[in-house]
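Working notes, structure below.
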Amino acid sequence: MISVIIPAYNEENNIVRCLESLSCQTLPRDEYEIIVVDGGSVDATRELAEPYADQVFIQSDKRVGGARNDGAKAAAGSVIATTDADCVLPPAWLEKIRDDFENHHPVQVYGLVYPIEGGLKNRLSLAFANAFSCTGYYTDTLYYTLGCNTAFEREAFFRAGMYRTIDAGDDLEIARRMRRLGKVMLDPDLKVGFSMRRYEQFGTLNSLWEWLYIVLRGGESGEVSYSRREYK
């Protein structure tokens, strides 16, 4: 079984689209479970998730990494996959994850992203991000394992110590620890639809700069929690 963990915080406008895409996977429904870990939403996120998810509960640990950890602890699957509440998962997403683990035996597999929203700027931004990810992987210098499109072998994930509960960069940091336990694999065909709403609201350069600033500080902003910011 694959356990899909979805952190969510005030995502009533996006969570149904995400969960509907997960409900239409080519993998049989009894071969995966959906776990929504809510960060204390004050909107209808939990109520909207209930008809689709196997479990919906409020997180006990802090930040988005803590929400993923809480979901993993409640999971029954031998593979733990993570995505975001505003993503759209192609029909073969979980089947590709299953095949990657069965055929290549990694401890972690991750993929690329494409923009849900239209526009040349969005396509170019994510084309750059994907090129950055591929370059880092094939030069063995950086594993850009985005939390919206990654999966772990369950036992290795817990042996590595799970996600760090930091404001940003937790999905990059964990790959360094996973590599000590086995193969971390990029599958270029493993793609998810990624929402550009944060970048459209705050500006691509400003958002990337803030993310880089927090990562260079070791993941802590010292100010507002990056993952708790209110987005329109």
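The values are calculated or read from the model by the stated rules, or taken from the named source; none is laboratory data. This is a predicted model, so every value here is computed, not measured. Neighbour counts are summed over all protein chains in view; Cβ atoms, including those assigned to glycine, are modelled from backbone coordinates with ideal geometry.
I'd like the residue in the range 170-182 that is of a type in the set (D, E, K, R) and in contact with a helix residue (DSSP H, G or I) (Cβ under 7 Å, 6 or more places away or on another chain) and, out of all such residues, is nearest to SER133 (Cα to Cα).
The selected residue is ASP170.
Out of the range 85-107, which residues are under 14 Å from VAL4 (Cα atoms) and outside any loop (DSSP other than H, G, I, E, B)?
VAL88, TRP93, LEU94, GLU95, LYS96, ILE97, ARG98
Can you find a residue that is at pLDDT 95 or above, in contact with a Phe, Trp or Tyr (Cβ under 7 Å, 6 or more places away or on another chain) and either buried (at least 22 other Cβ atoms within 10 Å of the Cβ) or among the β-branched types (Val, Ile, Thr) (or both) anywhere in the range 47-68?
Checking the range 47-68: at least one residue is at pLDDT 95 or above, in contact with a Phe, Trp or Tyr (Cβ under 7 Å, 6 or more places away or on another chain) and either buried (at least 22 other Cβ atoms within 10 Å of the Cβ) or among the β-branched types (Val, Ile, Thr) (or both).
Does ALA76 fit the bill of being surrounded by fewer than 22 Cβ atoms within 10 Å (Cβ to Cβ), among the small types (Gly, Ala, Ser) and within 16 Å of the chain's Cα centre (by Cα)?
The answer is no for ALA76.
Show the residue pairs that are 6+ apart or on different chains and have beta-carbon atoms under 8 Å apart, the first residue being within the range 103-124 and in contact (Cβ under 8 Å) with a residue 60 or more places away in the chain and over 22 Å from THR145 (Cβ atoms), the second being of a type in the set (D, E, K, R) and in a strand (DSSP E or B).
Listed by first residue and then by second, the contacts come to nothing, as the list is empty.
What number of residues within the range 107-144 are touching a helix residue (DSSP H, G or I) at 6+ places or on another chain (Cβ under 6 Å), at pLDDT 90 or above and of a type in the set (S, T, N, Q)?
So the count comes out to 1.
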